[in-house]
Amino acid sequence: MRPSHLSEMEIQQYAVDEPGCAARISSHLAGCAECRAEVAAYRSLFSALSSVPAPVFDFDLEALVLSRIPDPAPQASSDTLLLKILVPACIVAIGLPFYLYRGFLIRWFSGMLPVALWLLILPVAAVLVLQGLDLYKKYQKQMNALNY
Amino acid sequence: MSHYFDNNLTDKHLIDKVLHGDARAFGLIVKNTEGLVAQIVCKMAGNAEDRKDLAQDIYLKAYANLGQFRYQSKLSTWIARIAYNTCLSFLEKRQLILPGDLSYPAESGNDPGCPANGPATPRQHEAEALLSRKELSGILQSEIEGLSPVYRTLITLYHHEDLSYDEISQITALPMGTIKSYLFRARKRLKDTLLTKFKKEEL
């Protein structure tokens with residue numbers, strides 16, 4: 001720590017982004033040769049960093065990748081199409097029995113006591129919500145693993 | 001043919017072509033983004049064979065998941081993110097990384113798998129050794145090698161590739177504050193090390 005000088009953070013900030021720095025920093029630098037030298041050291045470092053030669057692969061990456069790409073187009077679009085067919089099919093498969101037996105279901109549920117009805121609905125809803133959350137977590141984990 | 005490979009084709013055009021089965025368009029994507037990917041792979045993996053495997057793996061993942069790209073960032077940023085995550089997984093599997101650790105055991109200094117642009121002859125190296133600027137660059141490269149892979153990558157992305165904090169955050173999925181903090185530590189270390197080797201006047 002240098003109590004009478006700018007902090008290391010302030011010096012770096014000034015070296016990186018002079019216009020974005022507080023006027024206090026600029027005015028200190030105007031009268032402090034030591035801090036100016038620190039700023040100059042950082043600027044020299046940044047200049048040297050930007051002039052370090054960029055690495056290149058010593059193999060033909062394009063040819064290597066293209067030789068390993070499978071012939072058909074990426075699977076993502078066909079997966080999406082499958083999903084678009086499967087989701088409505090599932091909804092119909094689940095919803096159809098409810099629609100066909102709606103009369104029976106209405107009579108059955110209306111015959112039940114409200115307390116018994118809630119005792120049935122709440123645990124089922126809780127289980128469904130928990131399973132949904134679990135599925136979502138798994139999905140997020142898989143997506144992260146796939147590097148999206 | 002040359003019209004086809006016009007670099008002005010946008011990311012969207014290229015992606016559409018790839019998704020319609022045009023593998024050559026993916027070749028152009030590889031060409032356009034190879035430099036950035038090389039920076040990440042070469043900063044995070046030391047072994048030439050590993051780099052080759054990683055580079056292939058990165059682009060095969062990008063190809064397989066291209067249909068999921070949602071244009072929420074530049075295509076190069078998205079591929080750079082795949083590169084960073086693939087390298088990070090590789091390092092974690094090999095237990096070569098300690099998150100937040102600044103220091104790293106330096107590997108072979110000459111970076112054999114990723115030569116710098118423009119091969120130099122031994123004679124050229126001798127000549128360059130006389131130039132303080134080149135000397136500084138060489139020392140700097142070896143000092144960067146001494147940083148941990150994540151720090152190396154952050155320094156390179158910010159100071160060499162001129163990416164913004166926001167773009168680096170998209171690539172690394174690190175919070176902006178963490179990136180700034182890591183960069184601060186890495187810059188300070190590099191500056192302190194260089195200052196011990198050179199007088200301030202020489203810098």
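Coordinate-derived values only; no laboratory data. Quantities reported herein were computed from a predicted structural model and do not represent experimental measurements. FYI the Cβ positions are ideal-geometry reconstructions off the backbone, even for glycines, and counts take in every protein chain you see.
Work out the mean other chain Cβ neighbour count within 10 Å for the residues of B:60-72 and drop it here as an integer.
Taking all residues of B:60-72 together, the mean is 4.
If eta is 1.567 mPa s and T is 4 °C, what Stokes-Einstein diffusion coefficient results for segment B:138-188, Kirkwood Rh from Cα pairs, in µm²/s?
Once the numbers are plugged in, D ends up at 118 µm²/s.
Counting residues in chain A as N, plug N into 2.2 N^0.38 Å and put the Cα Rg over that result.
2.24
Along the Cα→Cβ direction, 7 angstrom out, place labels at A:Ala126 and A:Arg102. What is the inter-label distance in nm?
Label-label distance for A:Ala126 and A:Arg102, simple model: 3.1 nm.
Need one number: nm distance between label points at A:Ser50 and A:Val87, each 7 Å from Cα along Cα→Cβ, rounded to one decimal.
The answer from the label model is 4.7 nm.
Along its principal axes, what span do the Cα atoms of segment B:1-97 show, with the longest given first and each in whole Å?
Over segment B:1-97, Cα extents along the principal axes are 44, 26, 20 Å.
Sorted by packing (mean other beta-carbon atoms within 10 Å per residue), highest first, where do B:164-175, A:124-135 land?
The packing order, highest mean first, is B:164-175, A:124-135.
Where the centroid of each part is defined by its Cα atoms, how far is segment B:12-69 from segment B:155-184 in Å?
21 Å
Using the structure shown, list the pairs from B:Lys12/B:Lys180; A:Lys137/B:Lys12; B:Lys43/B:Lys180; A:Lys84/A:Lys138; B:Lys93/B:Lys197; B:Lys12/B:Lys61 with a Cα-Cα distance above 26 Å, or answer none.
Over 26 Å apart, Cα to Cα: B:Lys12/B:Lys180; A:Lys137/B:Lys12; B:Lys93/B:Lys197.
From the residues A:Phe57, A:Leu113, A:Val124, which one has its Cα farthest along the dipole of chain A in the positive direction, the dipole being from +1 and -1 charges on Cβ of Lys/Arg and Asp/Glu about the Cα centre?
A:Leu113
Would you calculate the separation in nanometres between label points at B:Thr193 and B:Ser142, each defined as 7 Å from the Cα along the Cα-to-beta-carbon direction?
1.0 nm
Give me P(r) over segment A:8-51, computed from all C-alpha to C-alpha distances, binned every 10 Å, as integer percentages.
30, 56, 13, 0
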